[in-house]
Amino acid sequence: MPKEVIAVDIGGTYLRTGIVRGNKLFNYVKSKTPKTKKAVLNLFVSEISKQITPNVKGIGISCAGVVDKGILKCAPNLPINGVNIKKFLQLKFNKKIIIENDANCVAIAESKIGQGKTKKNFIVLALGTGIGGGIIINGKLYKGAGFAGEIGHIILDKGKDFEYYASGKAIQSLSLKHFHKKLAIQELIKQKDTKSEKILNEISMYLGQGIASLISIFDPEVVILAGGLRESGNEFLNMIKKQAYKYNFIPRKTPILFSKIDHAGTLGAGLLFN
């Protein structure tokens, strides 16, 4: 039987696990991410234990945040900042551990089996609780001096970053302000009222501005939108495109597409071993 990799994708809202065999994901499981460090680490152990088999050659971890020598840093949406996840899991399971930023894992998946498979230069924008970015240049994941791709933290306006204006948290904050409850982007699209349209216009404007800036800097062949944005539909995608092309300096309309890969972050974590 071919070797398998346990894939784990830990984000601010969910922890996802599965088995990656070849380029395919099996045994996918999704759990709510706990709010405390101890609970998150316990969930890591329990969910990985459920997936472990004699054929497992390693564990790939996709994390929302900056990863430095196995230590998770600068992860505002997770309670495990400063934890050496690699060392912790190696002691528990005695397996090879590879850890990578979540959006980079999505970019790896896209480069192998997704919208970026035939491209040498592209950008992935992953919208979840925050905003992540993965950059592929000349067919390889671009990491700069180590931490490139923190797209969610580019400054857009008044000292506030991309995440502040256009992330899942930003959408929930605006819906709380206008509707006194947290709504996902799909719910806002379905409502088709003035308040919802105002929120969608604002979010699409900031997404478009951010994407236009990235296009001007990197001149990618394509921009791939992953994460929660995939569920928003073509109407909202067209709103984003309109804004991106409005602010774009490059003299062509760079394609902006939705990812077609289900659970791309989890799959990409497993593909770290390929």
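Taken together, the values in this text are just the output of simple stated rules run on the coordinates, not laboratory data. Values in this document were obtained by computation on a predicted structure and should not be read as measured data. Note that each Cβ is placed from the backbone with ideal geometry, even for glycine, and that neighbours are counted across all protein chains shown.
A Förster distance of 25 Å, applied to the separation of the beta-carbon atoms of LYS177 and VAL45, puts the FRET efficiency at 0.05.
For the pair LYS96 and VAL29, a Förster radius of 25 Å applied to the C-beta separation gives a FRET efficiency near 0.70, rounded to the nearest 0.05. Approximating the spin labels as points 7 Å out from Cα along Cα→Cβ, the LYS3-to-THR36 distance works out to 3.8 nm.
Database remark: amide H of TYR142 closer than 5 angstrom to the amide H of ILE135, ILE136, ILE137 (H placed geometrically; neighbours at sequence offset of 5 or more, or on other chains; Pro and chain starts carry no H).
The Cβ shell under 11 Å around ILE48 holds other residues with a net charge of +2, Lys and Arg each +1, Asp and Glu each -1.
Using R₀ = 30 Å, calculate the FRET efficiency as 1/(1 + (r/R₀)^6) where r is the Cβ-Cβ separation of ASN238 and ASP262; round to 0.05.
Values: r = 23 Å, r/R0 = 0.76.
After rounding to 0.05, the efficiency reads 0.85.
In terms of packing, defined here as the mean over residues of other Cβ atoms within 10 angstrom, the peptides 208-219, 121-132, 35-46 line up highest first as 121-132, 208-219, 35-46. Beyond 30 Å in Cα-Cα separation lie the following of the pairs LYS50/LYS117; LYS32/LYS86; LYS117/LYS253; LYS69/LYS242: LYS50/LYS117; LYS69/LYS242. Once each part is reduced to its C-alpha centroid, what is the distance from segment 1-61 to segment 176-197 in angstrom? For segment 1-61 versus segment 176-197, the Cα centre distance is 33 Å. Counting only DSSP beta bridges with both residues in the chain, the antiparallel share comes to about 55 percent.
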